[in-house]
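The values are calculated or read from the model by the stated rules, or taken from the named source; none is laboratory data. Keep in mind it's a predicted model, so treat the numbers as computed, not measured. When we count neighbours, we look across all protein chains shown, and the Cβ atoms used for this are built from the backbone with ideal geometry, even at glycine. To get the accessible areas, we keep the full protein, side chains included, count just its heavy atoms, and leave off ligands, DNA and RNA. Shrake-Rupley method; radii C 1.70, N 1.55, O 1.52, S 1.80 Å.
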Amino acid sequence: MQIMNIQNRVKIKVIGIALPIALLIVWHVFVSAGYVSPHILPLPETVLSTLVRLLTKGKLILMIAISLRRVVYGFLLGTASGFLLGLLMGLSRTAEKLFAPTFHTIRQVPLIGWIPLIVMWFGMNEVSRILVVAIGAFYPTTLNTFAGVRGVPRKYVELASVYGYKGLKLVRRIILPAALPSIITGFTLSLGMSWVLLVAAELLIETMAGIGKVIDIGRETFNMELVMVGIVTTGLLGFIMTKVVERAAQAAQKGRVFEQEQ
Amino acid sequence: MKNFFQRIEWKDKLLGVIVPLLVLIAWQSAVSLQLFSPLLLIPPLTLVDTLWYLASSGELTTNILASLNRVVFGFLIGASAGFLLGLFMGLSSFFDQFAGPLIKASKQVPQFALMPLIILWFGVDEFAKFVFIAIGAFYPMVFNTYQGVSSVSKRYRELAQVFDYKGFRYLTKVILPSALPLIITGVRHSLGLSWMFVVGAEIFGADTGLGYMMAAARNMFQIDVVMSGLVVIGSIGFGINFILQIIEKRLLVWRVSTDQGAKCKS
Amino acid sequence: MSIQKGTLEIKNLSKSFIVDGTPLQVLSNINLKFPSGSFISIVGSSGCGKTTLLRIMLGLETRYEGDALLDGERIEGPGANRGIVFQDHRLLPWLTVGENVAFGLDKLDRKAKKLIVDEHLKLVGLSGFESAYPAQLSGGMAQRVAIARALANKPEILLLDEPLGALDALTRMHMQKELERLWLLEKITMVMVTHDVDEAIYLSDIVVIMSSRPGIIKKIIKIPFARPRDRASSEFMQVKAEILKEFHLGTEYPFAYAI
Amino acid sequence: MNKWKKILSFAALLFITVSAQAADKPKVIRFAYPAATNPGYAGAPVINVINDQGLFEKEFSKDGIKIEQSYIKTAGPGTNEGLAAGLYDFADYGDFAIVLGKAGGLKNKLILAPSKGGNVYILARAELHIKSVKDLKGKKVSYWKGTVLQTQALRVLEANGLTEKDIRQINLTGADALAALAAGSIDALVGSYDRPLIDQGLATLVYDTRNFPVQKRYREGLIVTDDFAKKYPDITKRVVKVFIQAEHWLSQEKNKERLAQLLVKTGAKYKYAKGEFGVGNLPLKEQFNPVPDKDFVDGYKDLVDYSLKNKLIRRNIDVDQWVDRSYADAALKELGLQNYWAK
């Protein structure tokens, strides 16, 4: 039976790989048959070899490292502040009434819209880029922390108060663990948003380095291989980061399942 | 409708106004005390002036309409594609296994990274913008629809089996209503992202639109216009969200009808 | 003699599931025959396969050995001749009460539908609630709607899967009376799965006692008392003791205690 | 991270030094200019000459003053943004962006005229066979708003009886515009002298401003922030001195070949670099006359008026107040070059 299971899983993987492979073949045939110029759409194998070449030369690694640093700083800044605001609004109805309307109004401003203003305030520098990433990370964490804290079943809080849990202890021992799944969802969404905005920030806020810069250089020099390498790299990195966060989330929850009030 | 308005109490509303009011006061006094250069912190009144100037010159209307037009088309293309794909993936596990991995993997590419390709392939015409916005609108819709459809409770699926609901009838009477809350969430996120990406699309080569207005103003060093753009874009986003919330309340009346207590407004 | 409508017969029925790669026998060699129009209860502790048996009768489980026959025909899938009331009311939350009751009547025109819906809501005592949503109902009311929905299809046999299991004790006793009333009114076969012995004795003509792992029939007891039944009567208590004994519960307390 | 940490600590340091004592020299002088194609080079020739000859180091290394140079890819608009954020002390960029910055509220002085009479070129997609500016009517024309390309485009259109409303203006930065033209998504672009698309047969030259009246062509300007000039008037003069030394080199016909080679290093093609200065154009000595003289002031006045008239700015600028030639005069005297350029 175990073998059956593995076979099954392999089958599922194979089905899932079929479409990308088919697309790659179509892509290859399409370009090599001359339907589209390789300048506009380079061959998949060219993209791959360029990717490998750049990776081994180390330059791309450096660009990735710089981008990752921006994402990490921005993500930490955004999620930390989002977590605090979400927690505050979740714990106190007064805080919610005070801040929620402003928060929900400002939230409607598309994130890209902030870029010009941030640049004018902070200049074309690392601060601005990190801030843009941080804004992206801020909203999902705030929303999900708030929803998580507010959704903690009353019965747990009541139980805890019977045992004399109050204040920080109540938050730490009852509310946060119960809100954890929602908060972690927030972190995951925040990470996705950070990643989207990082590339936007690197394209729109002039920089000397970063994976967005790789795309930008490719665009400027009309080198589509470089653009494609940038796209593939951002995709792969996004994939890896998502997986890492998902794993971390699983580890943090240790398979516990919580009730959440609707 | 009536119920919706009743639920926002006046006292709560008043509390909600305090923070913006304080911000406004701090803002104006910071400008008056010259704590910041008026260059960086446009005085509120200047902002009102600029908004009025933009509105009365007709520039604002043109740009708003251009952006809305793009959002609507891009959203319709992207969201309907996402809805259909999500539906198929939710209904057929084979299709899920077939197309799911590619869709999930491709989602990891930040949409802005695609901008150079889109410009190269589709130019800077309207169509290119629709494509860009559609890509943004696609993902929330596909995942939410998929989640909604595939997570229809086994209890309801059994019930449909007992009552012999099949095909289209099963889809419209059981699957879609059950998936509706998530589909609506998908629509909201989709529309929100469309609204964000329209600004992005208009920064890269446009001749109208709010994103263009802001990008041009940024180039022309008109911070007041940039801020006006932010205010306008935010207000429209707020309006869209508000309308969607009303629609959602009406569509999901069965879900909230017994809810008497205070609900979080997320 | 032709078989009367609503006759359920189970012959040499066995069923096993595969759990973690190993087969687990849940039902073993079940033989039962329910006469048309009778009220049957299947009692047993959790996990004895009584719900699986019911699902086989309903047609949701189709892979089994032996035969489950309704009016002499093998049950291959769900059908309109069998109604079901689940433990959870399983009303579709996005449909109104009226629409839920009409759920199985999709092929009828609006007028006919409304007539049947009105009739059945009246039957379960919920006239005037047709435009309410399930979320607005109490548990007992929701379960009545579920019963109305099942009866609206005019089934020959109504299957009840612990229909009152989620209700509080008082509502439950009230609903038992209601069920009896409906059964007397509709004159159809009803098969109920329950683990409430009192409920089974109060309602049934026949009580089937099952034991678990694998699920086999331990005993079939006929209840001949007149209705309505008195839960405090000595005959009631005697039958109850007899059933409880099958679960090794009867021996712990002397009869005198029960009386 | 390092960069902004640095910036923050510099800001802090600056604050401390300023509040502790009125320092007579800064730790660092921060320059900004629009970038050339290749990294590390500026669009303005004078900057490349200064760096090629190491003039900043020669002047300031003995004082231990560091020179920080930012090459701004987003050209004039990006320079203005950086100035607004207080990131630079000096900036050398195009006249229109300088005017936009000043009209937008930047506090600075216009202290030198690094070059005048710059050219722009209008290219159109080859297959459109566009012969004259008038043919651009109704076409998608890209020029970068907020840079000299915008005012130059408007003036050329105006000279040909057209306005911005007669074309479809697309806002694209330099490289994007080239890519868009190559891909056929725009019909024409207004750009600088490097024109590789013509060699590739993808574009034709519709118009260039080499024969446009000098007064209506664009010019560079060097600005210093009021803060810096007030705090370090002497350093400001010495910066101007460095610029004038380079201008002196640029003004000599014998250096033309070397200048072309320098431009090639910045990313231009040799034949365009060679053809850009001198030929059918202003003499070098006139083009690189750094003195912010009456002609310079009049040029800026004309531009301010033009911008106001076309609603490109909404606030007037007192150009006479703004232009401060005292630093240039002092530096010229120190270098003994008072009479080198026409007054």
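If you go through the range D:191-207 one residue at a time, do you hit one that is under 20 Å from D:Ala36 (Cα atoms), assigned by TED's automatic domain parsing to the domain that holds D:Glu57 and in a strand (DSSP E or B)? No, every residue in the range D:191-207 fails to be under 20 Å from D:Ala36 (Cα atoms), assigned by TED's automatic domain parsing to the domain that holds D:Glu57 and in a strand (DSSP E or B). Go over the candidates A:Glu202, A:Glu206 one by one and state the one that is assigned to a helix (DSSP H, G or I), among the charged types (D, E, K, R) and touching a Lys or Arg at 6+ places or on another chain (Cβ under 7 Å). On inspection, the qualifying residue turns out to be A:Glu202.
Taking the condition within 26 Å of D:Lys107 (Cα to Cα), over 20 Å from the mean Cα position of the chain (by Cα), assigned to a helix (DSSP H, G or I) and of a type outside the set (A, V, I, L, M, F, W, C), does D:Lys230 pass? The answer is yes for D:Lys230.
Just a yes or no: is a residue in the range B:64-72 under 28 Å from D:Lys102 (Cα atoms) and either of a type outside the set (Phe, Trp, Tyr) or assigned by TED's automatic domain parsing to the domain that holds B:Gly205 (or both)? There is no residue in the range B:64-72 that is under 28 Å from D:Lys102 (Cα atoms) and either of a type outside the set (Phe, Trp, Tyr) or assigned by TED's automatic domain parsing to the domain that holds B:Gly205 (or both).
For the range B:179-187, the criterion of a residue being within 26 Å of B:Ala81 (Cα to Cα) and not in a helix (DSSP H, G or I) is satisfied by no position.
How about the range B:88-116: which of its residues are closer than 23 Å to A:Val133 by Cβ and either assigned to a helix (DSSP H, G or I) or in contact with a strand residue (DSSP E or B) (Cβ under 9 Å, 6 or more places away or on another chain) (or both)? B:Lys104, B:Ala105, B:Ser106, B:Lys107, B:Gln111, B:Phe112, B:Ala113, B:Leu114, B:Met115, B:Pro116, listed by residue number. Checked against (1) under 29 Å from C:Ser212 (Cβ atoms); (2) part of a helix (DSSP H, G or I); (3) within 13 Å of chain B (Cβ to nearest Cβ), C:Ile147 passes all but condition (3). Tallying residues that are open to solvent by 20 Å² or more (accessible area, probe 1.4 Å) and touching a Lys or Arg at 6+ places or on another chain (Cβ under 9 Å) within the range C:135-152 yields 2.
Is it the case that the range D:131-142 has a residue that's surrounded by fewer than 21 Cβ atoms within 10 Å (Cβ to Cβ), basic (Lys, Arg), outside the structural domain of D:Glu247 (by TED's automatic domain parsing) and in contact with a strand residue (DSSP E or B) (Cβ under 7 Å, 6 or more places away or on another chain)? So far as the range D:131-142 goes, yes, one or more of its residues are surrounded by fewer than 21 Cβ atoms within 10 Å (Cβ to Cβ), basic (Lys, Arg), outside the structural domain of D:Glu247 (by TED's automatic domain parsing) and in contact with a strand residue (DSSP E or B) (Cβ under 7 Å, 6 or more places away or on another chain).
Residue-wise test of (1) polar (S, T, N, Q); (2) free of Cβ contacts under 8 Å to residues at least 12 places away in the same chain; (3) open to solvent by less than 10 Å² (accessible area, probe 1.4 Å).
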position	(1), (2), (3)
A:Gly167	no, yes, no
A:Arg173	no, no, no
A:Ser182	yes, no, no
A:Thr188	yes, no, no
A:Glu206	no, no, no
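Of the residues making up the range C:161-219, those that are open to solvent by less than 10 Å² (accessible area, probe 1.4 Å) and either closer than 20 Å to C:Ile56 by Cα or touching a Cys at 6+ places or on another chain (Cβ under 7 Å) (or both) are C:Pro163, C:Thr189, C:Met190, C:Val191, C:Met192, C:Val193, C:Thr194, C:Val207, C:Val208, C:Ile209, C:Met210, C:Gly215. Yes or no: D:Ile223 out of contact with any Ser or Thr (no Cβ under 8 Å at 6 or more places or on another chain) and either under 30 Å from D:Tyr327 (Cβ atoms) or within 14 Å of chain B (Cβ to nearest Cβ) (or both)? Against the criterion (out of contact with any Ser or Thr (no Cβ under 8 Å at 6 or more places or on another chain) and either under 30 Å from D:Tyr327 (Cβ atoms) or within 14 Å of chain B (Cβ to nearest Cβ) (or both)), D:Ile223 qualifies.
Selection over the range A:208-218 of residues that are surrounded by fewer than 24 Cβ atoms within 10 Å (Cβ to Cβ) and at the interface with chain D (Cβ under 9 Å from one of its Cβ atoms) gives a count of 1. Against the test of being over 20 Å from B:Thr62 (Cα atoms) and at the interface with chain D (Cβ under 10 Å from one of its Cβ atoms), the options B:Phe242, B:Phe204, B:Phe221 yield a single qualifying residue, B:Phe221. Residues in the range C:21-65 that are of a type in the set (S, T, N, Q) and on the phi > 0 side of the Ramachandran plot: C:Asn29 only.
Among the criteria (1) modelled with pLDDT under 85; (2) assigned to a helix (DSSP H, G or I); (3) among the small types (Gly, Ala, Ser), the one A:Ala179 does not fulfil is (1).
With B:Pro44, B:Pro20 as the choices, which residue is without any contact (Cβ under 8 Å) to a residue 24 or more places away in the chain, surrounded by 13 or more Cβ atoms within 10 Å (Cβ to Cβ) and within 13 Å of another protein chain (Cβ to nearest Cβ)? Quick ask: steps written out before the conclusion?
Working: B:Pro44 fails: within 13 Å of another protein chain (Cβ to nearest Cβ).
Result: B:Pro20 is the single residue among B:Pro44, B:Pro20 that is without any contact (Cβ under 8 Å) to a residue 24 or more places away in the chain, surrounded by 13 or more Cβ atoms within 10 Å (Cβ to Cβ) and within 13 Å of another protein chain (Cβ to nearest Cβ).
Of the helices (runs of 4 or more DSSP H) that lie entirely inside the range D:1-71, those containing 3 or more residues that are under 26 Å from D:Gln261 (Cβ atoms), modelled with pLDDT of 60 or more and away from chain A (no Cβ under 14 Å) span D:45-52, D:55-60. Taking the range B:224-235 as the range and being within 14 Å of B:Ser67 (Cα to Cα) and either more than 8 Å from every other protein chain (Cβ to nearest Cβ) or buried (at least 22 other Cβ atoms within 10 Å of the Cβ) (or both) as the test, the residues that pass are B:Gly229, B:Val232, B:Ile233. Residues of the range B:177-189 include none that is of a type in the set (Val, Ile, Thr), open to solvent by less than 30 Å² (accessible area, probe 1.4 Å) and facing chain C (nearest Cβ under 10 Å). In the range D:90-149, of all residues being facing chain B (nearest Cβ under 9 Å) and over 19 Å from D:Asp305 (Cα atoms), the one that is farthest from the chain's Cα centre (by Cα) corresponds to D:Lys140. Restricting attention to the range A:209-236, the residues that are in contact with a His (Cβ under 8 Å, 6 or more places away or on another chain) and outside any helix (DSSP H, G or I) total 1. Can you work out which of the residues in the range C:83-106 that are open to solvent by 20 Å² or more (accessible area, probe 1.4 Å) and under 23 Å from C:Gly6 (Cα atoms) is modelled with the highest pLDDT? Taking the candidates together, the pick is C:Gln87. Note on the range B:151-166: residues that are part of a helix (DSSP H, G or I) and open to solvent by 50 Å² or more (accessible area, probe 1.4 Å) amount to 4. Answer yes if at least one residue in the range A:39-47 is open to solvent by 40 Å² or more (accessible area, probe 1.4 Å) and either among the charged types (D, E, K, R) or more than 30 Å from D:Ala180 (Cβ to Cβ) (or both), and no otherwise. Scanning the range A:39-47, I find at least one residue that is open to solvent by 40 Å² or more (accessible area, probe 1.4 Å) and either among the charged types (D, E, K, R) or more than 30 Å from D:Ala180 (Cβ to Cβ) (or both), so the answer is yes. Pairing residues of the range D:26-45 that are outside the structural domain of D:Ile72 (by TED's automatic domain parsing) with residues that are acidic (Asp, Glu) and assigned to a loop (DSSP other than H, G, I, E, B), at Cβ distances under 9 Å and at least 6 apart in sequence or on separate chains, gives no pairs at all.
Residues of the range C:49-65 include at least one that is open to solvent by 10 Å² or more (accessible area, probe 1.4 Å) and part of a strand (DSSP E or B).
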